[in-house]
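Heads up, the thing below is written out as structure tokens.
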Amino acid sequence: MKTLIATMAAGVLLCLSGAAQAQRAQGSRLHSKGHILLGVDTEFGIPLGNYADVNSVGGGAVLVAEYPLMNVLSASARIGFQAHVDRTVNGLGAHVNAIPVLLGTKYYIGGDREGLFGAFELGMFDLMSSVESRAGGGRIVSATSNDLKFGLGVGVGYQQDRWNARVNIHSQDVGNFGSAMIISGGIGYHFASF
């Protein structure tokens, strides 16, 4: 747990350290400072630890807005939907779908908005859970809930022109930090800028 918190703190420092670097000339019109970049990311997620007991693998799509602050640093906003398959134990299923609404930073290690990058995000996760249980007479009853939780995460990826690939680790509920961890990865594409 302490290692994970230290890793996330290091990610924040890495993403924010770009503010100390001098800005270089910009080569790409799409990625130039002052333009908002719009895109979509695909995600494939795997729950970790206790979270894997009630949730299974899932996937989804995330709309992305990125605002370049400097040659190596961007502010980002991501909103999407992650659907998960039922985790079935003894014939009873459970799953947790999520709608993430995240704000963050993205730091490009090599500069010029290309190559290796680190990301830090925080925001709200709308967690929609469904759990089946056996009632009297062997009937299966489904109980659903909708919970809004504060979460955060770090990621690493690689940007090549408009395309990127990234891997993230998120806690979808900071209040239950180790019990709501998910690792996700996917490919993204910036399709517009203005």
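Values quoted throughout were computed directly from the atomic coordinates according to the rules given, and no laboratory measurement underlies them. On a predicted model such as this, the values are computed, not experimentally measured, just so you know. No Cβ is skipped: glycine too gets one built from the backbone with ideal geometry, and neighbour counts run over all protein chains shown.
Overview of values
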item	result
Karplus-derived HN-Hα couplings along segment 114-124 (A = 6.51, B = -1.76, C = 1.60, θ = phi - 60°), whole Hz, x at Gly and Pro	9, x, 5, 9, x, 9, 10, 9, 8, x, 9
Unit charges on C-beta of K, R, D, E only; dipole of segment 86-194, Debye	180
Largest-first ellipsoid semi-axes for segment 121-162, taking √(5λ) over the Cα gyration tensor eigenvalues, angstrom	39, 14, 8
